[in-house]
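Here's the structure we're looking at; comments come further down.
The values are calculated or read from the model by the stated rules, or taken from the named source; none is laboratory data. Quick caveat: nothing in here was measured; it's all calculated off a predicted structure. Cβ atoms come from the backbone with ideal geometry, glycine included; neighbour counts cover every protein chain shown. These accessible areas exclude ligands, DNA and RNA; they are computed on the full protein's heavy atoms, side chains included. Shrake-Rupley method; radii C 1.70, N 1.55, O 1.52, S 1.80 Å.
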Amino acid sequence: MTAMASPTEPGAGTTAPAGAQAAGPGDEPPVILSPATGYPTLDDGQLATLRQIGDHWESALGPRRAWVRALPLDPNLSLHAGRPVARGRSRFVPVVLEGVGTDHPQTHEAQTHEGGAHDGRERAHEVEATRDAGHSPTPVGRTAKRLRRVLLGPALHSAAVTEERMRKLIALPVLSSDALSSVAYGPEAMLVILVLGGAAALRWSLPVSAAIVVLMVAVGLSYRQTIRAYPRGGGSYIVASDNLGRVPGLTAAAGLMLDYILTVAVSVASGIAAVTSAIPTLRPHPVILGLGVIVLLVAGNLRGIRQAGAMFAAPTYMFIAAILLLVAVGVADAAGRSFAATPRPPVHAIEGVGLLLVLRAFSSGATAMTGIEAISDGIPAFKHVEWRNARVTLTWMVSLLVVMFAGTIALIQLDGIVPQASQTALSQLAHRHLGAGVLYGYVQTATALVLLLAANTAFSDFPRLLFFLARDYSAPRLFLRLGDRLAFSNGIVLLGTTAGVILAAFSGSVDKLIPLFAVGVFLAFTLSQTGMVLHWWRRRGEHWRRSISFNAAGAVLSAIVLVITSITKFTQGAWLVVILVPSLVLLFLRIRVHYLAVGRAVALHPLPAGVHARVITPPTPPSRDAPSYAPELGGVTGAEQQEAPDEIRNFTVVPIVSMDLASLRALSYATSLGQPVLAIHISTEQEEAERFRSYWNAWGDHVPLEIIVSPYRALVAPIARYLKLLHDQVPEYVMTVVMPELVVRHAWHRVLHNGIAPRLRRALRSIPGIIVTTVPFHLPS
């Protein structure tokens, strides 16, 4: 079980972003979820150890200029743009890796090849991978790449991450579709429970609805305080972790993850039910239709936040307009009859009216609360100033939710609407006030669309939650990666897959899925708001008493709803959520334990002082009169025609992702062979490249280093392309690629590591003249 040592392994002395946030917005810098998040940083102790190791290496390797001069090629590809390719397959080198930097590498190379005093230690140029550098070297990979481009569009440069943010008018439908769409089923879910008690129970609809509205306002005000306290992102996981501890934070995260998954399943199932009600011929295929919708949602979100917002904004605004139109016309009709309530048809009681029935109705109606947290969790997705735009959008969302929910309930009460199996309450209202024409069709169409697309809120926040968990080593680090379109692709695909499995397992039935709903989100609400109470109590800054009162009210009300929902829905399926939440927390803790063990294993440690048994020297540079390449024989490169050991010329390339023990062991092995050595490092952005360069210089810069900046975040393909272009310079040489490789003990640990080594090995297998070897590093657990 192997995986290449990667920037995603924590080391002793590495610093992981903390959950703590500023006490107020102040002059907070722009919130950026950087593509380089996850690359380890070294603290002062590790830097001191790195320098001590470098001193040891200096005495073992001798002068650096000898290792620079020993290289038979120029690692800076920009010098070879337009030069004839040795193998003759095309006239010029196709430069897909462009040189960038601060000095003049051509002058530097001339000095080093001529044996001048300059040893290149101040050399600081890198090569940058262009968009085309991500193309796979295999035909299957290239076909998959073209298909992905057709479906998702071209890859975006990392610098475009700020452009992919949302303005308020786009953020409102993207992050509020879940909460706002609940108006289509929340009131009816409450009535379906109350109708069991007959006409006497239906009289409780107004008091229960009033309690839900109070809860909406209280939770909305609470999250406004959360955004003020956590301007860089204040979801339940971060707030609970910061103020209550790691386990409560992970508990909140587990509850939210389950809620997001169920949001997708329930929303899609509800939308399909609305569609099949209008088109009965589709009723036998709810699962197939639902899975098709989930695939479309996944594809839309993989295209990036901005494009997903543009695609999914219109249905949400259509639904808002439809409900407001319906409420306005309904209120006008009621005013015409002096707001006299229409008598309800006779309703026979199935069970007695009691506290349990009312509480069950309250917990069912409270499903309209799901999705309120999405805006505070999605602050990084807003345009600057993020926290201010998030608070404004949250206010809009809560205001619209209260007006739409209260207006719908008021019309249901005034019109004497009773739930029917053949028609939703919303459809009955639309029929009564808008007739059966175009406006009725508009309301039904908007409702179906918003229910189908309400899951988009989960697709915005679920991957971001996984990002924060992975950043803190509590989830696989692959969820840190931004995809081609600057979206968290791995999280999006996981959400779509899991929701699809649940939808299929429950046969696409809304009735079977609803009982699982809302327990997780109110668990997260309770922990988040409790954490905010402790936050204000400890900080006691300006207006802290007002803020603590809002959050205390939100915490108490959320806790009450959590208890009610857990009890009333336990036997209907909520028991599954009660089991899954602690199971997920245990999984998160196990993942963190593994990553911390890996960090301790690969952490640098001082080398013993003493005299070396030998000094390793690289071979003498080849003569200038030696041929630059060996001719092809039968389509095989010169390097693969060499049969005698004295014919073989060799040089070694060592990909290094971080300055840790695993990487230095691979570099030690390569230099011990006494052949020319080139180290390469790939970074997803310039700032991380500069940080790695500083670590390399602190170590001593004993062998040549080339840094590849991959602003389109591809890793394997740019490295493979770069190595191929290097080998094309000297095809008569054998290139040996030496890679560090983590060997894990348990099979499930494989998903916790990026597996670059096997992928790079497969990519290089088709290139003649390149040998790949790995230096295993066995992990203790």
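Quick rundown of the values:
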| quantity | calculated |
| --- | --- |
| Within region 374-408, tally of residues that are open to solvent by less than 10 Å² (accessible area, probe 1.4 Å), hydrophobic (A, V, I, L, M, F, W, C) and modelled with pLDDT of 90 or more | 6 |
| Residues (farther than 28 Å from residue 744 by Cβ and open to solvent by less than 60 Å² (accessible area, probe 1.4 Å)) located in region 577-603 | 577 |
| Residue 731 open to solvent by less than 10 Å² (accessible area, probe 1.4 Å), part of a loop (DSSP other than H, G, I, E, B) and touching a residue at least 60 places away in the same chain (Cβ under 8 Å) | yes |
| For residue 447: the one exception among (1) over 26 Å from residue 154 (Cβ atoms); (2) open to solvent by 30 Å² or more (accessible area, probe 1.4 Å); (3) among the β-branched types (Val, Ile, Thr) | (2) |
| Output for region 702-723, where each listed residue is in contact with a Gly (Cβ under 8 Å, 6 or more places away or on another chain) and among the charged types (D, E, K, R) | 713 |
| Conditions (1) open to solvent by 30 Å² or more (accessible area, probe 1.4 Å); (2) modelled with pLDDT under 80: number failed by residue 77 | (1) |
| Of the criteria (1) part of a helix (DSSP H, G or I); (2) modelled with pLDDT under 85, which one residue 486 fails | (1) |
| Out of 486, 469, 527, sole residue that is at positive phi, under 25 Å from the mean Cα position of the chain (by Cα) and of a type outside the set (Lys, Arg) | 486 |
| Residues that are open to solvent by less than 10 Å² (accessible area, probe 1.4 Å) and among the small types (Gly, Ala, Ser), drawn from region 164-192 | 171, 176, 177, 179, 181, 182, 186 |
| In region 321-339, residue most open to solvent (accessible area, probe 1.4 Å) [restricted to those that are more than 12 Å from residue 412 (Cα to Cα) and in contact (Cβ under 8 Å) with a residue 40 or more places away in the chain] | 339 |
| Breaking point among (1) modelled with pLDDT of 85 or more; (2) touching a Phe, Trp or Tyr at 6+ places or on another chain (Cβ under 8 Å), for residue 367 | (1) |
| Count of residues meeting criterion [farther than 30 Å from residue 229 by Cα, modelled with pLDDT of 85 or more and open to solvent by 10 Å² or more (accessible area, probe 1.4 Å)] in region 501-530 | 5 |
| Test: residue in region 697-719 that is of a type in the set (Gly, Ala, Ser), more than 27 Å from residue 620 (Cβ to Cβ) and in a loop (DSSP other than H, G, I, E, B) | yes |
| Answer residue from region 353-373, given it is within 18 Å of residue 207 (Cα to Cα) and outside any helix (DSSP H, G or I) and is most open to solvent (accessible area, probe 1.4 Å) among those | 353 |
| Flag if residue 26 is modelled with pLDDT under 80, more than 26 Å from the chain's Cα centre (by Cα) and closer than 30 Å to residue 250 by Cβ | yes |
| Condition check for residue 311: under 30 Å from residue 522 (Cα atoms) and open to solvent by 70 Å² or more (accessible area, probe 1.4 Å) | yes |
| Long-range neighbours under 7 Å by Cβ, at least six apart or interchain, first residue modelled with pLDDT of 85 or more within region 418-432, second assigned to a loop (DSSP other than H, G, I, E, B) and among the β-branched types (Val, Ile, Thr) | 418/347; 425/417; 428/417; 429/417 |
| Residues within region 193-212 that are surrounded by 20 or more Cβ atoms within 10 Å (Cβ to Cβ) and more than 11 Å from residue 352 (Cα to Cα), tallied | 6 |
| Residues of region 668-696 satisfying the condition of being assigned to a loop (DSSP other than H, G, I, E, B), over 29 Å from residue 734 (Cβ atoms) and open to solvent by 20 Å² or more (accessible area, probe 1.4 Å) | 685 |
| Positions within region 531-543 being open to solvent by 40 Å² or more (accessible area, probe 1.4 Å) and part of a helix (DSSP H, G or I), in sequence order | 534, 537, 538, 539 |
| Candidates 294, 323, 350 - the one that is closer than 27 Å to residue 479 by Cβ and touching a helix residue (DSSP H, G or I) at 6+ places or on another chain (Cβ under 6 Å) | 294 |
| Hey, residue 757 part of a helix (DSSP H, G or I), under 30 Å from residue 475 (Cα atoms) and either of a type in the set (A, V, I, L, M) or open to solvent by 40 Å² or more (accessible area, probe 1.4 Å) (or both) or not | yes |
| Test: residue 701 is out of contact with any helix residue (DSSP H, G or I) (no Cβ under 7 Å at 6 or more places or on another chain) and acidic (Asp, Glu) | no |
